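Colleague: What follows is a single structure, and I will ask about it in a moment.
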Amino acid sequence: FIIHIMSFSGEGGLKEMFNSKFGSIPKFYVRAPGRVNIIGEHIDYCGYSVLPMAVEQDMLIAVEPVKTHVLQLANTNPLYPDYSTSANNIQIDKTKPVWHNYFLCGFKGIQEHFGLSDLTGMNCLVDGNIPPSSGLSSSSALVCCAGLVTLTVLGMNLSKVELAEICAKSERYIGTEGGGMDQSISFLAEEGTAKLIEFSPLRATDVKLPSGAVFVIANSCVEMNKAATSHFNIRVMECRLAAKLLAKHKSLPWKEVLRLEEVQAKLGISLEEMLLITEDALHPEPYSPEELCKCLGISLQELKTQILSPNTQDVLTFKLYQRAKHVYSEAARVLQFKKICEETPDNMVQLLGELMNQSHMSCRDMYECSCPELDQLVDICRKFGAQGSRLTGAGWGGCTVSIVPADKLSSFLANVHEAYYQRSNRSLAPEKQSLFATKPGGGALVFLEA
């Protein structure tokens, strides 16, 4: 893993705070970036490719390995209380999405990967400027940062792909059944390019974004904590159930199918054809657990224990048709977006914008992961010059991403600021960083003292 041996700008104040907290100085620092997903929402956990880029905002951890077996965690933000625990007895309480649990996920993921029991302790001071619960992956950045911290303390080696896969898996300790996009881009990002991230096997391909446009992030200021709500995990299950019903409809061995992409792969057909099969096989009305059992020929007990996750066993209705329609159409939009970026037609920005607009409509109407504030913000962004605008991240709050012609940027920022933030008295506090242009940033790094 690339280690930059140098003194870096973020270190000054953090070093002093570390010293006043722990009475010593850090041995090294690790940063892992947040990300914005340009297109491809809620499809990574269905097996489909996504198109994110890292943002410049990141998680930064100052670290000192210690001789004891105690893990001491502190945060520069007073809202997040200190925490300490034995390095050899990591307990992650899924019922409480507290900040230190995300660190523990990364720590435990590395610990389990190498099958280690006698772990050294460490003092860690966490700093970050990714707005929390904003859909920019502050939580995954912390998991990734903690994973890389642990790997570095242990003096072990892993590739970026292996690290991303371990961190994606270990974030599930917190109870969120996510895909692997956030962890992958945090490690695999490179400055100046977005990435098409494909899964099983995990790989990343550069996607050159148009030079005449800027991607602007706007925070709706509605916070959504994925781990604290069931919306997200219900969507994961609806997609899983849709995959099983589609597989059964096509006489495939449905019991082993978990993702919508597997159905397409087993049938060897196009995404467009999958959309037609969805029309044929599923109905728009919600499914009850009883109807699902009848369709699959299983008992309610089997449905609950063998298919549903523990936190979705009491759900009474599942929308399968709408979720599958979103996933297959969104997967197609990702591929179209990449193709347009490669072919660079004259009206490229307009075409990419149209795909982003279609994505938002599908997220809002078919996946139902938007909210009134996001819809309003998207409308305002389009009104003031965005060629396309959509929610980004899980949704139900958080941020929008818009593609804006470069020559319209300053008027766009001023108008959106006035129409959304000033009019509704939403605080544009600097720590919210509510409205900013972004460019593709680099991935996770370790900094040693020069």
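Colleague: Which percent of Cα pairs goes in each bin when the distances of region 85-229 are cut into 5 angstrom slices starting at zero?
Modeller: Calculated over all Cα pairs of region 85-229, the distribution is 2, 9, 18, 20, 20, 15, 9, 4, 2, 1, 0 percent.
Colleague: Binning at 10 Å from 0, report for region 309-361 what percent of all alpha-carbon pair distances ends up in each bin.
Modeller: Values per bin, smallest distances first: 21, 36, 22, 14, 7, 0.
Colleague: Please name whichever of L276, V263, P210 sits farthest to the positive end of the charge dipole of region 187-286, dipole taken about the Cα centre and charges placed at Cβ: Lys and Arg +1, Asp and Glu -1.
Modeller: It is V263.
Colleague: When the Karplus curve 6.51 cos²θ - 1.76 cosθ + 1.60 is applied with θ = phi - 60°, which whole-Hz ³J(HN,Hα) does each residue of region 48-60 get, with x for Gly and Pro?
Modeller: 9, 5, 10, 9, x, 9, 6, 9, 6, 5, 8, 9, 10
Colleague: Further question: Give me, ordered by chain and number, the residues 5 or more places off F28 or on other chains with an amide H under 5 Å from its own placed amide H.
Modeller: Distant-sequence amide H within range of F28: V63.
Colleague: Figure the gain on full extension for S410 and V66 (residue separation times 0.36 nm, minus the Cα-Cα span) and round it to one decimal in nm. Before the final figure, lay out the partial values.
Modeller: Numbers: separation 344, 0.36 × 344 = 123.84 nm, distance 4.91 nm.
The S410-V66 span can extend by a further 118.9 nm.
Colleague: Still on this structure, I have one more. Check V207: other-chain or 5+ apart residues with amide H under 5 Å from its amide H, H built from backbone geometry?
Modeller: Hits under the 5 Å cutoff: A194, K195, L196.
Colleague: Which FRET efficiency value, to the nearest 0.05, is calculated for T344 and S270 with the Förster distance at 25 angstrom and r the Cβ-Cβ distance?
Modeller: Taking R0 as 25 Å, the efficiency between T344 and S270 is 0.55.
Colleague: Taking loop as defined by DSSP and a crowding limit of 13 other beta carbons within 10 Å, which trypsin sites (Lys or Arg not before Pro) in region 19-54 fit?
Modeller: none
Colleague: Beyond a 22 Å Cα-Cα separation, which of these cross-linked pairs lie in this structure: K27/K169; K27/K67; K195/K339?
Modeller: Cα-Cα > 22 Å for K27/K169; rest within.
Colleague: Continuing with this model, one more query. Could you compute how much accessible surface I166 exposes when probed at 1.4 Å, giving the result in Å² to the nearest 10?
Modeller: Rounded to the nearest 10, that gives 20 Å².
Colleague: Taking a probe of 1.4 angstrom, what is the accessible area of T68 in Å², to the nearest 10?
Modeller: We get 70 Å² for T68.
Colleague: What accessible area per residue, rounded to a whole number of Å², is obtained for region 1-124 using a probe radius of 1.4 Å? Show your work: numbers first, answer last.
Modeller: Values: 5170 Å² over 124 residues.
About 42 Å² of surface per residue is accessible.
Colleague: Return the whole-Å distance between the Cα centroid of region 249-288 and the Cα centroid of region 296-326.
Modeller: Each part reduced to its Cα centre gives a spacing of 15 Å.
Colleague: What residue among H417, H360, H326 shows peak mean-square fluctuation when the chain is described by a Gaussian network model with Cα springs under 10 Å?
Modeller: With Cα springs under 10 Å in the chain, the top fluctuation among H417, H360, H326 is at H417.
Colleague: Right, another one. Amide H neighbours of D58 under 5 Å, counting only residues 5+ apart in sequence or on other chains, H built in-plane at 1.01 Å?
Modeller: G34, N129, I130
Colleague: Against the empirical 2.2 N^0.38 Å scaling, what ratio does the C-alpha Rg of the chain come to?
Modeller: 0.99
Colleague: With all protein chains present and a 1.4 Å probe, how do L258, L73 order by accessible area, largest first?
Modeller: Details: L258 80, L73 5 Å².
Result, largest first: L258, L73.
Colleague: Here's another thing I want to ask about it. For region 293-450, with the dipole built from +1 on Lys and Arg beta-carbon atoms and -1 on Asp and Glu ones, taken about the Cα centre, which of I340, A394, V446 lies farthest toward the positive end?
Modeller: The residue sitting most towards the positive pole is A394.
Colleague: Rounded to a whole number, what % of the accessible area of region 122-280 do carbon and sulfur atoms account for, probe 1.4 Å?
Modeller: Percent of accessible area from carbon and sulfur atoms in region 122-280: 47.
Colleague: Follow-up question, since we're still on this one. Could you tell me the relative contact order of the chain? Use alpha-carbon pairs under 8 Å, at least six residues apart, and round to a whole percent.
Modeller: Across the chain, relative contact order equals 24 percent.
Colleague: Restricting to DSSP loop positions (anything but H, G, I, E, B) with no more than 13 other Cβ atoms inside 10 Å of their own Cβ, which GluC sites (Glu not before Pro) remain in region 172-272? Each step should come with its number before you reach the end.
Modeller: Details: sites: E177, E190, E191, E198, E223, E238, E256, E261, E262, E272; in loops: E177, E191, E223.
Within region 172-272, the qualifying GluC sites (Glu not before Pro) (loop, at most 13 other Cβ atoms within 10 Å) are E191.
Colleague: Here is a further query. Going through the DSSP H helices of the chain, which span 20 Å or more along their own axis at the Cα atoms while scoring at least 0.5 as a mean Kyte-Doolittle hydropathy?
Modeller: Length and hydropathy pass: 138-154.
The values are calculated or read from the model by the stated rules, or taken from the named source; none is laboratory data. From a predicted model like this one, the values you see are computed outputs, not experimental measurements. Because the Cβ atoms are built from the backbone with ideal geometry, glycine has one as well, and the counts that use them run over all protein chains shown. Please note that ligands, DNA and RNA were not included when accessible areas were found on the heavy atoms of the full protein model with its side chains. Shrake-Rupley method; radii C 1.70, N 1.55, O 1.52, S 1.80 Å.
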